1. Among the residues of the range 217-235, write down those that are modelled with pLDDT under 80 and loosely packed, with under 13 Cβ neighbours inside 10 Å.
2. Report, by residue number, each residue of the range 396-414 that is more than 54 Å from the chain's Cα centre (by Cα), among the small types (Gly, Ala, Ser) and buried (at least 19 other Cβ atoms within 10 Å of the Cβ).
3. Only residues that are touching a residue at least 40 places away in the same chain (Cβ under 8 Å), exposed (fewer than 14 other Cβ atoms within 10 Å of the Cβ) and over 30 Å from residue 112 (Cα atoms): list them for the range 142-172, please.
4. Residues of the range 128-172 being of a type in the set (Phe, Trp, Tyr) and closer than 16 Å to residue 88 by Cβ, which ones?
5. Search the range 432-443 for residues that are over 13 Å from residue 467 (Cα atoms) and pair each with any residue that is surrounded by fewer than 24 Cβ atoms within 10 Å (Cβ to Cβ) and polar (S, T, N, Q) when their beta-carbon atoms are under 7 Å apart and the residues are at least 6 apart or on different chains.
6. Residue check: is residue 135 farther than 30 Å from residue 18 by Cβ, in contact with a Gly (Cβ under 8 Å, 6 or more places away or on another chain) and surrounded by 16 or more Cβ atoms within 10 Å (Cβ to Cβ)?
7. Name the residues in the range 196-236 that are outside the structural domain of residue 263 (by TED's automatic domain parsing) and assigned to a strand (DSSP E or B), would you?
8. Select, from 14, 102, 19, the only residue that is free of Cβ contacts under 8 Å to residues at least 40 places away in the same chain, among the small types (Gly, Ala, Ser) and over 26 Å from residue 163 (Cβ atoms).
Amino acid sequence: MTLRLPFQVKLFLSLVVFSSLLLALLGIILFHFMERQLHHDLGQRARVQASEIALMPGLAERVAARDIPGIAHLIQPLRDQSDASYIVIGDVQEQHLYHSESPERLNLPMIGGDNAEVLQGKTIISVRQGGIGVSLRSKAAIFDAQHRVIGIVSVGYLTSYIANINARILWQAGLYGLALLLLLFIFSWTFTRNVKKQMFRLEPKAIALLVLQQKALLEAMYEGVFAVNEEKQLILINRAARELLDIRQDEKQLIGKPLVEVMQTPPGFFALNEAPDNSGRHDMIAVLNQRQVIVNRVAIELEPGSESGWVFSFRDKNDINTLSSQLSQVKHYADNLRIMRHEQLNWTATLVGLLQMQHYDDAMRYIQAQSEGAQKVLDFVSAHFTSPTLCGLLLGKYVSAREKGIELMFDPACRLTRLPPGINETELMSVIGNLLDNAVDATLKALPASASVEVYISDRNQELLIEVADRGCGVDDAMKSHIFEQGFTSKPANDDEIAGSAHGIGLYLVAGYVSQAGGSIEVTDNRPQGTIFSVFIPYATAISSGQKHD
């Protein structure tokens with residue numbers, strides 16, 4: 001079974017082993033240099049001592065006379081003060097006249113075979129086997145008054161003495177090395193703990209898996225995502241973002257570049273980054289690479305309160321509008337079905353009551369009266385509009401308005417046989433539905449209420465014309481330029497009957513779809529009261545590239 005150590009332990013052991021080996025190698029190198037320096041220093045010390053002894057007054061005369069007691073009397077005080085392992089005096093025949101450590105070697109030959117250069121008057125340093133062992137020694141010549149060599153002075157340090165010095169130095173260095181090693185253990189353990197903490201206590205394999213999962217997640221997202229650091233340099237961008245913004249370069253080529261070099265951003269796009277609160281950080285409308293998108297922003301915080309960058313996610317604004325309109329239409333259909341069901345239940349209850357009372361003639365007249373108005377509208381809508389979806393929408397709006405006491409009046413000249421190329425059926429339903437809802441609501445708020453809304457839809461004259469006239473309170477001239485802005489509404493906050501126009505989204509969607517189709521909207525006053533919304537959508541293809549819908 002393979003033993004798997006945690007990352008922290010592996011890192012700790014690796015640091016300790018590597019540092020120990022490095023420390024040991026450094027110790028060997030230092031010991032080598034120290035040993036060489038010690039040999040050099042002791043050799044020079046022996047050389048100085050040998051040279052000074054050779055020049056001592058009276059020594060040459062005693063050597064020439066072979067005065068052994070006199071030589072010993074002269075040299076012994078120096079020997080007591082010297083740290084050398086030995087001092088030897090020899091004559092020109094290389095025989096011992098004085099030996100500080102082995103007096104028994106007097107008159108015996110000097111050992112080592114390195115006296116030839118000394119007898120020629122030179123001072124040397126050598127390592128030789130002597131009478132008491134291997135030593136590092138220096139030899140100097142003794143000259144008489146005529147400057148002739150008459151003797152030899154040898155001062156030496158045994159290698160065992162040098163080894164003892166090295167051992168002492170090594171022992172002291174070892175103590176310091178152990179102290180350093182202990183500090184190294186503490187540092188390594190603290191360092192590995194901090195590293196593991198910064199890695200959120202995860203193992204490298206787990207981090208690698210998270211990175212791969214994050215990359216797969218980003219690539220699988222339908223929304224575009226990109227991130228920048230505090231210098232506004234791109235640090236992440238997914239495939240959807242590159243496709244939505246038509247960026248041809250690969251992610252690796254984009255990472256590290258300033259965001260302004262990768263995509264075109266509107267002025268003040270980063271102004272909200274310095275905002276003290278979170279206002280405007282979500283659902284921001286912006287234009288990136290000439291494409292209108294809805295952007296959300298989240299700060300990257302390595303430490304609380306410290307922003308180290310930002311992550312932006314965005315979707316095409318047209319996609320959001322499409323979803324909003326689809327949701328609005330579903331709500332409209334549900335409301336219409338609820339109203340029709342309620343009306344049908346009332347109608348059925350009345351009919352059942354008449355039948356139970358056996359008023360059959362009254363029941364027949366009631367059936368004819370109820371079906372006559374609805375049948376007229378059904379026949380008119382079916383005859384003038386070829387789109388089944390539009391017919392269903394208009395019938396639903398008719399029933400819904402009548403339930404609220406409002407009469408939808410269709411102009412006899414209404415006709416729609418084809419759609420402009422710049423708008424699809426779903427978007428057209430959103431435009432007409434929101435205009436009708438807005439007109440019904442405005443009429444309901446009128447005091448006194450005028451229970452009629454007029455509708456005119458025509459595809460004559462090479463353009464689609466939609467006119468919806470209400471009998472409401474009208475729109476102030478100062479507000480006409482703002483009613484199509486997102487969030488503008490004159491409805492109470494708790495009014496949620498019409499999802500498409502609540503929260504100021506209904507007319508905003510209408511304006512967006514009409515603009516994308518290359519059309520225009522006119523808002524005029526109705527006489528004697530109310531407002532007329534006129535929508536003009538051309539059939540000629542005048543849609544800018546990238547804005548046309550399928």
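1. In the first step, residues of the range 217-235 are kept if they are modelled with pLDDT under 80; the result is 217-222.
Correct list: 217, 219, 220, 222.
2. Taking the range 396-414 as the starting set, the residues that turn out to be more than 54 Å from the chain's Cα centre (by Cα) are 398-399, 401-414.
Adding the requirement that they be among the small types (Gly, Ala, Ser) leaves 401, 405, 413.
Answer for the range 396-414, where residues must be more than 54 Å from the chain's Cα centre (by Cα), among the small types (Gly, Ala, Ser) and buried (at least 19 other Cβ atoms within 10 Å of the Cβ): just 401.
3. Selection gives nothing.
4. Taking the range 128-172 as the starting set, the residues that turn out to be of a type in the set (Phe, Trp, Tyr) are 143, 157, 161, 171.
157, 161 - these are the residues of the range 128-172 that are of a type in the set (Phe, Trp, Tyr) and closer than 16 Å to residue 88 by Cβ.
5. 442/531; 443/450
6. Working: farther than 30 Å from residue 18 by Cβ: yes; in contact with a Gly (Cβ under 8 Å, 6 or more places away or on another chain): yes; surrounded by 16 or more Cβ atoms within 10 Å (Cβ to Cβ): yes.
Yes, satisfied.
7. Listed by number, the list is empty, since nothing qualifies.
8. On the way: 102 fails: over 26 Å from residue 163 (Cβ atoms); 19 fails: free of Cβ contacts under 8 Å to residues at least 40 places away in the same chain.
Only one candidate qualifies: 14.
The values are calculated or read from the model by the stated rules, or taken from the named source; none is laboratory data. None of these values were measured; they are calculated from a predicted model. Quick reminder, even Gly has a Cβ in these numbers, built from the backbone with ideal geometry, and neighbours come from all protein chains shown.
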